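Structure, as structure tokens:
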Amino acid sequence: MMEHTGLQSVSAPLPWQAQDWSQLSQQLANGKLPHALLLAGNQYTGKARLAMALSRLLLCHQSSGGLNCGHCHACQLSASGSHGDFRWLQPEEKSRVIKIDQVRAVVEFTNKTAGLGQRKVVVLAPADSMNVNAANALLKSLEEPAADTYLLLVCHRLHSLPATIRSRCQILKLVAPDIQQCLAWLDQVTGDRAQSEHLLALADGRPLLAEQLFYDDAADTLARRRLALQGLLTGQVSAPEVGALFAEASVEEFLAQLAAELQGLLRRAQAKQLTSRQGRAAFTLSDEIVRLQRAVSAGANPNRQLIIEALSGKFERELGDGRLGDNIQS
Ligand SMILES: [Zn+2]
């Protein structure tokens, strides 16, 4: 979840967002910025930071050089999270979904006149965490947004967002981060290129996850878990051993790491391995992971331990002979 209080005075886009940012600020300068904008892109690549930078630019009274100025009254309020014309909607604590009551409150807000400046801004992040009722409640605001109101939706699973929402927004698919830019940016966090490379690889190329691993001091734990999953997929680590390593992890975390390892294995496999019994089983298991991920993101609350045990057990049974991993371990 994105912190939206106690911000730096100026919110700038991330280095790999330069092209998208220049398009957005151009649209704004020409009075062509859409009132319902959907920022889509991979998870942990900084979409919410881009939405924050754009929100603060929209609210700023004296923007110059394409960024919020950082010192006007509006900028001071947006930095402290107390700007009355700004709402940031995300799942409330311990919830995975944006609820209808939250959306209703925001719809009411969009119907009022801006109090401080000329514009009001609402960010929904992630927009696909709205349940169906919440999404329906938002439709009218998206259809006929007030002239002074900008709705910025942030989303990494476009398919999870109802078509009714998607069709009412202008979708901007953000440019994927470039590895060299990610490393240069991470170097400022870690101060060490080798560590930046290690973290970025562990995070499957997602820079903000790499940054989080650094600050949470979680890289070692993740590395051990990934190694165990690699072992599970190649018959060298048992399901209970995997379960023990994920004892403190969430279901989402387990599914995400398992999916990443399985995709890596399938990418490296040879054609004849993919059509073997094990190969077909791997694709079926991959589908099962996606199904579970969708259920969890839609608000299902499965028994964590049961899911991890059952799924690890299936992988052990189906791929435990290590045949799929033959010759392709790297
Ligand atoms: Zn300002």
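Please list, in chain and number order, the residues 5+ apart from LYS99 or on another chain whose amide H is under 5 Å from its amide H, with Hs placed from the backbone.
It is GLU92, by chain and number.
Using the Karplus equation 6.51 cos²θ - 1.76 cosθ + 1.60 (θ = phi - 60°), what ³J(HN,Hα) coupling, rounded to whole Hz, does each residue of the stretch 226-234 give in order, writing x for Gly and Pro?
Those phi angles translate into 5, 5, 5, 5, 4, x, 4, 6, 10 Hz.
Could you state the angle between the C-alpha long axis of helix 100-111 and the longest principal axis of the C-alpha atoms of the chain, as a value from 0 to 90 degrees rounded to the nearest 10?
30 degrees
Once phi is turned into ³J(HN,Hα) by the Karplus curve 6.51 cos²θ - 1.76 cosθ + 1.60 with θ = phi - 60°, what whole-Hz value does each residue of the stretch 23-28 show in order, with x for glycine and proline?
My calculation for the stretch 23-28 gives 5, 5, 5, 5, 4, 5 Hz in order.
Over the stretch 218-319, what relative contact order in percent results from Cα pairs under 8 Å that are six or more residues apart?
41 percent
Pick from ALA298, ALA74, ALA249 the residue whose mean-square fluctuation is largest in a GNM of the chain, springs joining Cα atoms under 10 Å.
For the chain, modelled as a Gaussian network with Cα springs under 10 Å, the answer is ALA249.
Picking from ASN111, LEU77, SER55, whose Cα lies most toward the positive end of the charge dipole for the stretch 15-173 (charges on Cβ: Lys, Arg +1; Asp, Glu -1)?
SER55
Looking at the chain as a GNM with Cα springs under 10 Å, which of THR221, THR275, THR190 has the largest mean-square fluctuation?
Answer for the Gaussian network model of the chain: THR275.
Cut-off 13 Å, label point 7 angstrom out along Cα-to-Cβ of GLN43: give me the residues of the stretch 244-264 whose amide nitrogen falls inside.
Once the point is set 7 Å along Cα→Cβ of GLN43, 250-261 turn out to lie under 13 Å by backbone N, inside the stretch 244-264.
Pulled fully out, how much extra length does the chain show between GLN305 and ASP101, if you take 0.36 nm times their separation in residues and subtract their Cα-Cα distance?
70.3 nm
Roughly speaking, what is the centre-to-centre gap between the stretch 63-107 and the stretch 225-251 when only Cα atoms are used, to the nearest Å?
Taking the Cα centre of each part, the stretch 63-107 and the stretch 225-251 sit 39 Å apart.
For the stretch 171-188, just list the computed ³J(HN,Hα) in residue order, Karplus coefficients 6.51, -1.76 and 1.60, θ = phi - 60°, integers in Hz, with x standing in for Gly and Pro.
Karplus values, whole Hz, x for Gly and Pro: 8, 10, 7, 6, 5, 5, x, 8, 4, 5, 5, 4, 5, 4, 5, 5, 4, 5.
Write down the percent of antiparallel bridges among all DSSP beta bridges whose residues are both part of the chain, to the nearest 5.
5 percent
Quick one: helix 193-202 against the long Cα principal axis of the chain, what's the angle to the nearest 10°, folded into 0 to 90?
Roughly 80 degrees between the two axes.
Would you mind ranking LYS99, LYS94, LYS120 so that the residue whose beta carbon has the fewest other beta carbons within 10 Å leads the list?
Lowest count first: LYS94, LYS99, LYS120.
If you scale each eigenvalue of the Cα gyration tensor by 5 and take the root, what three semi-axes come out for the stretch 221-278, rounded to whole angstrom and sorted largest first?
Gyration-tensor ellipsoid for the stretch 221-278: 23, 12, 9 Å.
On the first, second and third principal axes, largest extent first, how far apart are the outermost C-alpha atoms of the stretch 15-173 in Å?
40, 33, 31
Expressed in nm to one decimal, what extension gain is obtained for the pair VAL189 and ARG294 from 0.36 nm per residue of sequence separation less their Cα-Cα distance?
Full extension of this stretch gives 34.5 nm more.
How large is the charge dipole for the chain, taken about the Cα centre, if only the Cβ atoms of Lys, Arg (+1) and Asp, Glu (-1) carry charge, to the nearest 20 debye?
960 debye
Between helix 207-216 and the chain, what is the angle of the helix's C-alpha long axis to the longest principal axis, kept within 0 to 90° and rounded to the nearest 10?
80 degrees
When the dipole is taken about the Cα centre of the stretch 218-319, and only Lys, Arg (+1) and Asp, Glu (-1) are charged at their Cβ, what size is it in debye, to the nearest 20?
Roughly 440 debye for the stretch 218-319.
Between ALA247 and GLN180, what is the label-point separation in nm under the 7 Å Cα-to-beta-carbon projection?
Inter-label distance under the simple model: 4.6 nm.
Between LYS32 and ALA114, how high is the FRET efficiency from 1/(1 + (r/R0)^6) when r is the Cβ-Cβ distance and R₀ = 22 Å? Nearest 0.05.
Between LYS32 and ALA114 the formula returns 0.65.
To the nearest whole percent, what portion of all C-alpha pairs in the stretch 65-109 is separated by more than 17 angstrom?
More than 17 Å apart: 50 percent of the Cα pairs in the stretch 65-109.
Give me the distance in nm between label points sitting 7 Å out from Cα along the Cα-to-Cβ direction at ARG157 and SER9, one decimal.
4.1 nm
Distances over 32 Å make up what percent of all Cα-Cα pairs in the chain?
Percentage above 32 Å: 37.
Could you pull out every residue, at least 5 positions away or on a different chain, whose amide H is within less than 5 Å of the one on ALA36? Hs are placed 1.01 Å off N in the peptide plane, and Pro or chain starts have none.
When sequence neighbours closer than 5 places are left aside, the close amide H contacts are LEU151, GLN170.
Each value in this text was obtained by applying a stated rule to the coordinates, not by laboratory testing. The structure presented is a predicted model; accordingly, all values stated were derived computationally and were not measured. Cβ atoms come from the backbone with ideal geometry, glycine included; neighbour counts cover every protein chain shown.
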